[in-house]
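Below: one structure, written as structure tokens.
The values are calculated or read from the model by the stated rules, or taken from the named source; none is laboratory data. Nothing here was measured: the structure is a model prediction, and the numbers come from that model. Don't worry about glycine lacking a Cβ; one is built from the backbone with ideal geometry, like all the others, and counts go over all protein chains shown. We work out accessible area using only protein heavy atoms, side chains counted, and drop any ligands, DNA or RNA first. Shrake-Rupley method; radii C 1.70, N 1.55, O 1.52, S 1.80 Å.
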Amino acid sequence: MVQATKVALEILISTMDRTDLSFLKPMFPNRNLAEFHILIINQTSSDRILKTNYSNIRVINSFERGLSKSRNLAFKNSIGEVALIADDDIIYLPRFDTMIIDAFQKYPDASLITFQMQCPENPHPKKYIHQERRITSLRHQPKPSSVEMALRPDYLMKKGIHFNEFFGLGAEFPSGEESLFVLEMLNKSLKVYHIPELIVEHLGESTGSRQGSEKFIWALGGLKYLEYGERSRLWLLKFVFFLVRNKSIPIHKTIWAYKIGVKAIKRSKEIFKNNNPLK
């Protein structure tokens with residue numbers, strides 16, 4: 001792919017098995033697609049290739065699998081001074097692009113700025129802190145979601161920061177990649193800000209609604225080992241009792257949940273013993 005001139009904002013969409021661009025229009029209601037610069041990473045097979053005839057819409061067909069791999073490929077090929085992470089099941093709200101560009105003008109030292117999303121079908125919405133601020137820790141605030149994130153891809157690439165490909169859909173640990181991504185930035189003292197503005201509506205299932213699932217416990221156990229090391233087992237005990245109190249699992253599944261978490265911690269230790277990205 002020939003690199004184009006840099007643009008102020010590029011939208012990086014991860015999708016799978018697409019053969020036409022019809023999925024784009026519902027994402028941008030009441031807006032003309034010609035207004036945006038878009039890069040689509042289409043993870044697919046050789047018999048399902050996506051093509052574009054639009055100069056402002058670029059496509060990379062990738063034969064790898066894994067959401068984090070898709071995100072990283074998008075970062076590597078982005079032409080945006082600022083890039084907005086996107087999925088194919090979201091709807092952008094009015095003026096989202098103006099709000100993002102304005103935010104980076106206000107905070108020129110920002111590596112990443114998070115915004116807010118609304119989930120109409122989610123009975124347990126995120127408990128956002130509705131205050132504009134610099135983020136220095138992920139404690140006591142909702143887990144960041146990738147579709148809320150806008151960033152400076154060139155700067156992060158130079159700093160060696162990317163989504164860890166052991167985490168995320170299609171990977172060994174099927175979630176947790178967003179938290180690990182932000183934690184790595186914070187550990188390297190990069191500037192991360194939050195702007196309490198709604199930019200997107202998300203149509204998918206929320207993480208909170210599946211936090212008692214085996215996959216979620218497994219992924220979180222793997223992530224917490226990177227944060228806490230051997231202390232992650234103590235964290236796991238507290239988390240299992242939280243799941244019971246929150247009615248995410250019944251009390252008779254307490255030991256089941258703890259065993260899953262312990263296995264995940266052991267697996268994470270095995271994978272990251274000599275290359276913990278948070279150390």
So for segment 68-88 (the condition being open to solvent by less than 10 Å² (accessible area, probe 1.4 Å), of a type in the set (Ser, Thr, Tyr) and not in a loop (DSSP other than H, G, I, E, B)), does at least one residue qualify? yes
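Answer yes if at least one residue in segment 13-21 is at pLDDT 95 or above, surrounded by fewer than 19 Cβ atoms within 10 Å (Cβ to Cβ) and under 22 Å from the mean Cα position of the chain (by Cα), and no otherwise. Outline the logic, then answer.
Start the filter on segment 13-21 by keeping residues that are at pLDDT 95 or above, which leaves 13-21.
Subsequent filtering for residues that are surrounded by fewer than 19 Cβ atoms within 10 Å (Cβ to Cβ) retains 16-17, 19-21.
Those still in the list that are under 22 Å from the mean Cα position of the chain (by Cα) too: 16-17.
Yes, there is a match, as at least one residue in segment 13-21 is at pLDDT 95 or above, surrounded by fewer than 19 Cβ atoms within 10 Å (Cβ to Cβ) and under 22 Å from the mean Cα position of the chain (by Cα).
Considering 227, 197, which residue is over 27 Å from residue 160 (Cα atoms) and of a type in the set (D, E, K, R)? Quick ask: steps written out before the conclusion?
Working: 227 fails: over 27 Å from residue 160 (Cα atoms).
Going through 227, 197 in turn, just one is over 27 Å from residue 160 (Cα atoms) and of a type in the set (D, E, K, R): 197.
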For residue 118: the one exception among (1) open to solvent by 40 Å² or more (accessible area, probe 1.4 Å); (2) in contact with a Pro (Cβ under 6 Å, 6 or more places away or on another chain); (3) of a type in the set (S, T, N, Q): (2)
Is it the case, given these coordinates, that residue 192 is in contact with a Leu (Cβ under 6 Å, 6 or more places away or on another chain) and not hydroxyl-bearing (Ser, Thr, Tyr)? yes
Selection from segment 2-49 of residues that are in contact with an Asp or Glu (Cβ under 9 Å, 6 or more places away or on another chain) and of a type in the set (Ser, Thr, Tyr): 14, 15, 44, 45
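Quick check on my filter: what residues within segment 158-189 are among the aliphatic types (A, V, I, L, M) and open to solvent by 10 Å² or more (accessible area, probe 1.4 Å)? Talk me through it step by step, then tell me what you get.
Going through segment 158-189, the residues among the aliphatic types (A, V, I, L, M) turn out to be 161, 169, 171, 180, 182-183, 185-186.
Passing the criteria: 169, 171, 183, 186.
Would you say residue 146 is over 20 Å from residue 68 (Cα atoms), hydroxyl-bearing (Ser, Thr, Tyr) and either modelled with pLDDT under 95 or open to solvent by less than 20 Å² (accessible area, probe 1.4 Å) (or both)? Outline the logic, then answer.
Details: over 20 Å from residue 68 (Cα atoms): no; hydroxyl-bearing (Ser, Thr, Tyr): yes; either modelled with pLDDT under 95 or open to solvent by less than 20 Å² (accessible area, probe 1.4 Å) (or both): yes.
The answer is no for residue 146.
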In this structure, does residue 91 turn out to be in a helix (DSSP H, G or I), surrounded by fewer than 17 Cβ atoms within 10 Å (Cβ to Cβ) and of a type outside the set (Asp, Glu)? no
Just to verify a result, which residue in segment 244-277, among those that are over 22 Å from residue 162 (Cβ atoms) and among the aromatic types (Phe, Trp, Tyr), is surrounded by the most Cβ atoms within 10 Å (Cβ to Cβ)? 258
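Given the criteria touching a residue at least 24 places away in the same chain (Cβ under 8 Å) and closer than 23 Å to residue 67 by Cα, does residue 137 qualify? Even if it seems obvious, please write down each step before you answer.
Details: touching a residue at least 24 places away in the same chain (Cβ under 8 Å): yes; closer than 23 Å to residue 67 by Cα: no.
When the stated conditions are applied, residue 137 does not pass them.
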If you check every pair at least six apart or on different chains, which have Cβ atoms under 6 Å apart with a residue in segment 236-247 that is over 16 Å from residue 219 (Cβ atoms) first and a residue that is of a type outside the set (Asp, Glu) and open to solvent by 20 Å² or more (accessible area, probe 1.4 Å) second? 244/251
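Residues are listed down the side, and each one gets a yes or a no for (1) assigned to a loop (DSSP other than H, G, I, E, B); (2) touching a Gly at 6+ places or on another chain (Cβ under 7 Å); (3) within 25 Å of residue 271 (Cα to Cα); (4) touching a residue at least 12 places away in the same chain (Cβ under 8 Å):
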site	(1), (2), (3), (4)
141	yes, no, no, yes
150	no, no, no, yes
155	no, no, no, yes
171	yes, yes, yes, yes
181	no, no, yes, yes
185	no, no, yes, yes
200	no, no, no, yes
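Table: residues versus (1) within 16 Å of residue 197 (Cβ to Cβ); (2) under 18 Å from the mean Cα position of the chain (by Cα); (3) not small (Gly, Ala, Ser).
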site	(1), (2), (3)
94	yes, no, yes
97	yes, no, yes
100	yes, yes, yes
103	yes, no, no
107	yes, no, yes
113	yes, yes, yes
116	yes, yes, yes
126	yes, yes, yes
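Please work out if residue 194 is closer than 30 Å to residue 96 by Cα, touching a Cys at 6+ places or on another chain (Cβ under 8 Å) and buried (at least 16 other Cβ atoms within 10 Å of the Cβ).
When the stated conditions are applied, residue 194 does not pass them.
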